[in-house]
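Coordinate-derived values only; no laboratory data. Predicted, not measured: the structure shown is a model, and the values here were computed from it. No Cβ is skipped: glycine too gets one built from the backbone with ideal geometry, and neighbour counts run over all protein chains shown.
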Number of protein chains: 4
Amino acid sequence: MRRYITELIGTLFLVMGAILGGGVGASLALIIMVYAGGHISGAHYNPAITLAVLIRGKIGAKEVIPYWISQIAGAFIAALIVGYVFDVKSGGDCVIPDDGILKAFAAEFLGTFALAYVVLNAAFAKATSGNSYYGLAIGGTVLAMALVIGRYSGGAYNPAVAAGLSLQGSFCWTHIWLYIVAGLGGAALAAVIFRLNNPDDL
Amino acid sequence: MRRYITELIGTLFLVMGAILGGGVGASLALIIMVYAGGHISGAHYNPAITLAVLIRGKIGAKEVIPYWISQIAGAFIAALIVGYVFDVKSGGDCVIPDDGILKAFAAEFLGTFALAYVVLNAAFAKATSGNSYYGLAIGGTVLAMALVIGRYSGGAYNPAVAAGLSLQGSFCWTHIWLYIVAGLGGAALAAVIFRLNNPDDL
Amino acid sequence: MRRYITELIGTLFLVMGAILGGGVGASLALIIMVYAGGHISGAHYNPAITLAVLIRGKIGAKEVIPYWISQIAGAFIAALIVGYVFDVKSGGDCVIPDDGILKAFAAEFLGTFALAYVVLNAAFAKATSGNSYYGLAIGGTVLAMALVIGRYSGGAYNPAVAAGLSLQGSFCWTHIWLYIVAGLGGAALAAVIFRLNNPDDL
Amino acid sequence: MRRYITELIGTLFLVMGAILGGGVGASLALIIMVYAGGHISGAHYNPAITLAVLIRGKIGAKEVIPYWISQIAGAFIAALIVGYVFDVKSGGDCVIPDDGILKAFAAEFLGTFALAYVVLNAAFAKATSGNSYYGLAIGGTVLAMALVIGRYSGGAYNPAVAAGLSLQGSFCWTHIWLYIVAGLGGAALAAVIFRLNNPDDL
């Protein structure tokens with residue numbers, strides 16, 4: 001239970017950071033919440049990362065759904081706090097233009113690939129265990145990807161963040177499939193490469 | 001005694017950073033002072049954190065008042081240095097507008113909750129002891145909260161900082177209750193959740 | 001083989017960061033990729049660093065060419081992704097003005113010297129082994145040099161990055177010799193100084 | 001000898017960073033050079049820090065002068081590179097206005113106090129030995145002080161940096177006494193407080 005509370009709190013602050021502070025706010029929130037919760041839940045805060053950690057073999061299949069539910073619940077609570085407590089409402093225009101779907105898909109795929117690749121190597125590899133940089137590397141990846149390719153997709157790299165932003169109105173629900181498919185796909189590819197590159201860790 | 005000198009020096013630079021350097025100045029000052037003083041006093045520099053550390057069980061009840069006095073003394077000395085040595089005087093307008101009290105309360109509660117949550121997990125948990133990231137995580141939380149929700153309350157997340165800024169004139173004394181109540185409340189909630197989530201640490 | 005895949009992936013994201021995110025994008029990409037791949041390949045991502053690591057004695061001469069090929073392949077794939085997937089085309093004007101060749105050479109020499117000096121001392125020295133700061137120090141060097149002297153040469157400090165940017169059009173192929181000669185020269189000097197300063201490491 | 005080469009190289013890049021990159025450039029250069037040279041020379045790069053380390057008891061009195069000479073030599077070489085290779089010449093106007101001497105003195109005293117306080121506690125204390133954050137804390141102090149009180153004195157916190165900037169023309173030689181007296185004074189006070197606060201380290 002304490003792992004699910006940790007995932008909910010972490011994703012809540014991550015989504016508040018993303019809506020009210022953009023790429024910098026999201027990456028700072030992710031850094032602090034990874035360092036605060038990593039020792040309890042592994043600090044995924046992201047359904048795509050939970051999938052990558054499953055493929056890598058560090059959580060069981062039965063835990064995936066409760067992790068996902070906790071993450072989405074945190075994202076939705078954040079959207080409600082932002083919308084109803086702080087009165088910040090967005091809505092209407094989609095972040096992704098009609099002729100930008102391919103670029104957005106590529107950007108989300110590459111960004112979530114990079115995020116899962118860094119998470120697995122910095123936080124779930126034997127050779128790097130006990131390090132102090134994992135939170136900085138993970139949050140830094142969101143910042144790097146937001147800066148470098150965030151313009152093409154809004155820079156979620158996280159289906160729960162995309163859902164929270166869609167509920168709050170910063171993203172459109174019509175594009176949620178893209179964040180889910182590209183995000184899970186990029187994370188799964190990173191997990192496969194991790195397994196090939198770290199055979200002694202399996 | 002050396003713990004109280006450390007708390008005074010740390011809070012002094014934190015409040016100088018907040019008045020003259022805003023959220024970035026405060027968070028940088030906090031990072032460096034946490035790394036400089038953590039091994040001596042625990043580097044609270046914040047009455048709300050001292051309360052959270054008390055609830056978590058890492059300091060005794062008798063130490064709370066001297067910690068608080070050291071922190072407030074440091075904050076007041078900083079306000080005097082800024083006002084009389086550097087001649088930076090503010091005053092008059094309150095940071096929080098009349099119709100923004102609820103948002104300001106929510107922002108201070110959430111921000112101090114996040115700060116205490118990160119402090120307890122990164123600096124006072126068995127599973128993370130000996131890490132090198134605690135100062136970065138703690139200062140990073142102030143930066144994250146200042147960026148994400150600082151606009152609603154001025155972003156103190158610390159009753160001593162609020163007192164220092166009120167003395168110097170950047171904050172109004174009429175709102176000091178809000179920084180105290182929301183700050184202590186948010187920190188206390190974080191400490192309760194820490195106890196639930198880390199049962200083996202008690 | 002897994003080392004070459006790691007070098008290719010890391011250099012790919014480094015060059016994407018450099019083209020689409022400038023000095024900040026490149027340095028953030030380098031930080032995260034050093035932390036992700038350091039335990040597999042040593043995380044050079046740079047032919048000049050591979051040369052410095054060879055002189056320092058941490059890789060064999062036979063490995064240099066495959067490292068270089070992997071790095072250049074990653075850089076070229078990044079240039080193609082940026083140019084054809086994200087449609088970002090540059091071209092025409094050279095970064096280095098005709099009367100600025102000497103300054104550009106000095107800047108690339110100093111910048112790559114600093115980078116190799118930091119890499120060798122932070123990531124390949126006995127006295128600092130097991131630290132958690134190496135990625136931050138290495139990526140921070142690219143950021144520092146880009147900010148301080150990047151204006152004179154475009155700030156590559158890396159022949160593979162220069163090749164990728166030349167293919168994509170941000171740099172001119174006519175200046176590629178400068179990035180190669182100054183980069184390899186600066187890195188070689190840093191390796192010689194490392195050997196003098198760390199006699200017990202050899 | 002290798003310690004003096006290390007001090008010269010580190011101070012050279014620090015002063016180049018300060019002249020061409022301001023407070024951000026100086027602090028980034030300091031972070032990377034502290035991580036690169038700390039294990040060889042202790043990475044002072046600053047005559048005031050060398051004094052503080054002497055008072056703290058970590059170097060011998062005979063080493064002070066060679067350290068100071070190496071630091072000033074590095075600063076002067078940096079000034080010459082900036083002035084004659086990169087053709088960046090300043091000169092004429094002093095950073096400190098005539099009626100701002102007291103504020104400048106207070107700022108340099110406070111800034112160098114903070115720097116020496118952080119250096120001693122993060123890099124020369126038993127309780128924090130082996131940490132990975134010392135470079136970040138030390139460079140972060142220069143950034144914090146530059147942001148918070150740099151406007152009053154130009155933000156050297158380092159007599160060698162002040163000498164290098166005076167030679168290059170960004171500072172006036174008529175104020176060099178201030179950087180020396182306030183810098184050595186602030187650092188000495190920090191060393192005395194360190195000795196009081198860390199009695200078991202002596």
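For chain C, the convex hull spanned by the alpha carbon atoms encloses 100 Å³ per residue. From its DSSP helices (H runs of at least four residues, each -39,500 (n - 2.57)), chain A gives a residue-normalised ellipticity at 222 nm of -25000 deg cm²/dmol.
Using a cutoff of 8 angstrom between alpha carbon atoms and counting only pairs six or more residues apart, the relative contact order for segment C:74-150 works out to 24 percent. Remark: spin-label model distance A:R2-A:K58 equals 1.9 nm, labels positioned 7 Å along the Cα→Cβ axis.
For segment D:18-102, a/c is not less than 1.5, where a ≥ b ≥ c are the root eigenvalues of the C-alpha gyration tensor, and a/b tops b/c. That puts it in the prolate class.
Shielding value for B:148-160 is 2, the average number of Cβ atoms from other chains within 10 Å of each residue's Cβ.
Ordering B:I31, B:I69, C:I65, D:I180 from the fewest to the most neighbouring beta carbons within 10 Å gives C:I65, B:I69, D:I180, B:I31.
Of all chain D residues, the closest to the D-onto-C rotation axis by Cβ, with that distance in whole Å, is D:S132, 3. Legend: residue pairs B:K62/B:K103; B:K58/C:K126; C:K103/D:K89; B:K62/D:K58; B:K126/D:K126; A:K58/A:K103, Cα-Cα distance threshold 25 Å; pairs beyond threshold, B:K62/B:K103; B:K58/C:K126; B:K62/D:K58; A:K58/A:K103. Compared with the dominant Cα axis of chain D, that is its longest principal axis, helix D:61-80 is turned about 30°.
From the alpha carbon centroid of segment B:93-168 to that of segment C:62-135 is 39 Å. Taking chain C as a Gaussian network, where each spring joins two C-alpha atoms under 10 Å apart, which residue of C:G111, C:G42, C:G155 fluctuates the most? Of the options given, C:G42 has the highest mean-square fluctuation.
Would you please classify the overall shape of segment D:78-181 from the alpha carbon gyration tensor, given that a ≥ b ≥ c denote the square roots of the eigenvalues, rounded means a/c under 1.5, and beyond that prolate means a/b larger than b/c while oblate covers the rest? Oblate is the answer for segment D:78-181, as a/c is 1.5 or above yet b/c matches or exceeds a/b. The relative contact order of segment B:111-164, computed from alpha carbon pairs under 8 Å that lie at least 6 residues apart in sequence, is 38 percent. Position D:G91: other-copy label points at 4.6, 4.6, 6.5 nm, ordered by increasing distance, label point 7 Å along Cα→C-beta.
Remark: the protein assembly as shown carries a charge dipole of roughly 1700 debye about the Cα centre, counting +1 on each Lys and Arg Cβ and -1 on each Asp and Glu Cβ. A Cβ-based charge dipole, computed about the Cα centre of segment A:2-201 with Lys and Arg at +1 and Asp and Glu at -1, lands at about 440 debye.
Which residue, A:A75, A:A144, A:A187, has the most motion in a Gaussian network model of chain A that connects Cα atoms within less than 10 Å? Judging by the Gaussian network model, the answer is A:A144. In this calculation the C-beta distance from A:L196 to A:I65 is compared with R0 = 45 Å, giving a FRET efficiency of 0.95. Phi angles across segment A:30-38 convert, under the Karplus curve 6.51 cos²θ - 1.76 cosθ + 1.60 with θ = phi - 60°, into 3J(HN,Hα) values of 5, 4, 5, 6, 5, 5, 6, x, x Hz, Gly and Pro given as x.
Counting only other chain Cβ atoms within 10 Å of each residue's Cβ, the peptide B:37-46 averages 3. Inter-copy label distances for C:L202: 4.3, 4.3, 6.0 nm (label point placed 7 Å from Cα along Cα→Cβ; shortest first). Taking θ as phi - 60° and the Karplus parameters 6.51, -1.76 and 1.60, the scalar couplings of segment D:40-55 work out to 9, 10, x, 6, 6, 6, 6, x, 5, 5, 4, 4, 4, 5, 5, 4 Hz in sequence order, x denoting glycine and proline. Selection among B:S166, B:I180, B:S129 by position relative to the dipole of chain B gives B:S129 as farthest towards the positive end (Cβ unit charges, Cα centre).
The ranking of B:V24, A:V34 from fewest to most other beta carbons within 10 Å of each one's beta carbon is B:V24, A:V34. Build a GNM of chain A with springs between Cα atoms under 10 Å apart, and of A:F109, A:F86, A:F76 the one that fluctuates most is A:F86. Take D:T174, move 7 Å from Cα toward the beta carbon, and the resulting point lies 4.8, 4.9, 6.9 nm from the same point in each other copy, nearest first. Other protein chain C-beta atoms within 10 Å of residue C-beta, averaged over A:22-34: 5.
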